[in-house]
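Below: the structure, in structure tokens.
The values are calculated or read from the model by the stated rules, or taken from the named source; none is laboratory data. This structure is a prediction, so every number in the text was calculated from the model and none was measured. Here the Cβ positions follow ideal geometry from the backbone for every residue, glycine too, while neighbour counts run over all protein chains shown. SASA here: full protein model, heavy atoms, side chains in, ligands and nucleic acids out. Shrake-Rupley method; radii C 1.70, N 1.55, O 1.52, S 1.80 Å.
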Amino acid sequence: DYHAKEMAGKKVVFKVKIGEIKKKITPELNDEFAQEVGENYTSLDDLSQKIRIELAEHKVEDRKVRQRDAAVSFLIEKNSITPPQSLVARELERLLVKALSMYGQSADKLTNDEKKHLVMEYTPVAERHVKAALLLEALAKTEHIEVSEAEVDAEVEKIAQKAKDTPEKVKQYLV
């Protein structure tokens with residue numbers, strides 16, 4: 001199975017020069033380690049407790065996201081709609097820009113095959129997003145659900161704190 005066909009199936013000897021050997025040294029888990037981690041941890045117990053709290057919060061948030069996704073999936077499944085292609089195209093563009101920027105890429109550096117692959121991969125996602133937005137908007141209108149600007153700002157602030165980012169950047173991300 002060797003890539004050089006003339007060598008396939010033959011016994012060979014490889015000589016290798018080892019340039020460097022590294023050993024991973026893990027720090028001792030103690031109060032000093034906890035203080036070096038940062039965020040004003042005073043002891044290993046303090047660090048452990050805060051990690052447990054964060055894990056519990058992530059678990060609750062993850063459950064909420066799964067419930068939200070299940071509700072949106074149910075809504076889409078029970079309400080057959082065809083989203084306007086202009087909205088799907090706009091959402092697809094937003095998703096592609098976001099995905100590419102996460103990897104430090106831009107669309108102009110991609111081959112046509114790569115672009116086609118990304119469009120094929122993200123089109124169903126864009127359609128789902130648009131369907132969900134339209135259905136949720138209709139549901140909110142039907143049920144007379146309104147959200148104040150202050151409630152939106154409070155939620156953006158909460159997201160920004162969790163992400164350790166500014167509310168302005170969070171708003172850019174959400175738009």
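Every residue, every condition in (1) aliphatic (A, V, I, L, M); (2) surrounded by fewer than 16 Cβ atoms within 10 Å (Cβ to Cβ), yes or no:
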site: 87; (1), (2): yes, no
site: 90; (1), (2): no, yes
site: 94; (1), (2): no, yes
site: 101; (1), (2): no, yes
site: 109; (1), (2): no, yes
site: 113; (1), (2): no, yes
site: 118; (1), (2): yes, no
site: 125; (1), (2): yes, yes
site: 135; (1), (2): yes, no
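Before we move on, is residue 140 under 20 Å from residue 174 (Cα atoms), in contact with a Leu (Cβ under 9 Å, 6 or more places away or on another chain) and either of a type in the set (Phe, Trp, Tyr) or open to solvent by less than 80 Å² (accessible area, probe 1.4 Å) (or both)? Taking the combined requirement at face value, the residue does not satisfy it.
Would you be able to say whether some residue in region 59-68 is within 30 Å of residue 32 (Cα to Cα) and in a helix (DSSP H, G or I)? Yes: region 59-68 contains one or more residues that are within 30 Å of residue 32 (Cα to Cα) and in a helix (DSSP H, G or I). The residue list 52, 90 contains one member that is within 25 Å of residue 161 (Cβ to Cβ) and not hydrophobic (A, V, I, L, M, F, W, C), which is 52. Of the numbered criteria (1) part of a helix (DSSP H, G or I); (2) open to solvent by less than 60 Å² (accessible area, probe 1.4 Å), the one residue 41 fails is (1).
So in region 160-172, with the set limited to residues that are part of a helix (DSSP H, G or I) and free of Cβ contacts under 8 Å to residues at least 12 places away in the same chain, which one is surrounded by the most Cβ atoms within 10 Å (Cβ to Cβ)? Top of the filtered list is 160.
Sub-8 Å Cβ pairs linking a first residue in region 70-85 that is within 19 Å of residue 122 (Cα to Cα) and open to solvent by less than 100 Å² (accessible area, probe 1.4 Å) to a second residue that is modelled with pLDDT of 95 or more and assigned to a loop (DSSP other than H, G, I, E, B), at least 6 apart or interchain, number zero. The numbered conditions (1) open to solvent by 100 Å² or more (accessible area, probe 1.4 Å); (2) in contact with a helix residue (DSSP H, G or I) (Cβ under 7 Å, 6 or more places away or on another chain) are all true for residue 35 except (2). Residue 105 passes every criterion in (1) in a loop (DSSP other than H, G, I, E, B); (2) modelled with pLDDT of 90 or more; (3) in contact with a helix residue (DSSP H, G or I) (Cβ under 9 Å, 6 or more places away or on another chain); (4) within 25 Å of residue 128 (Cα to Cα) apart from (2).
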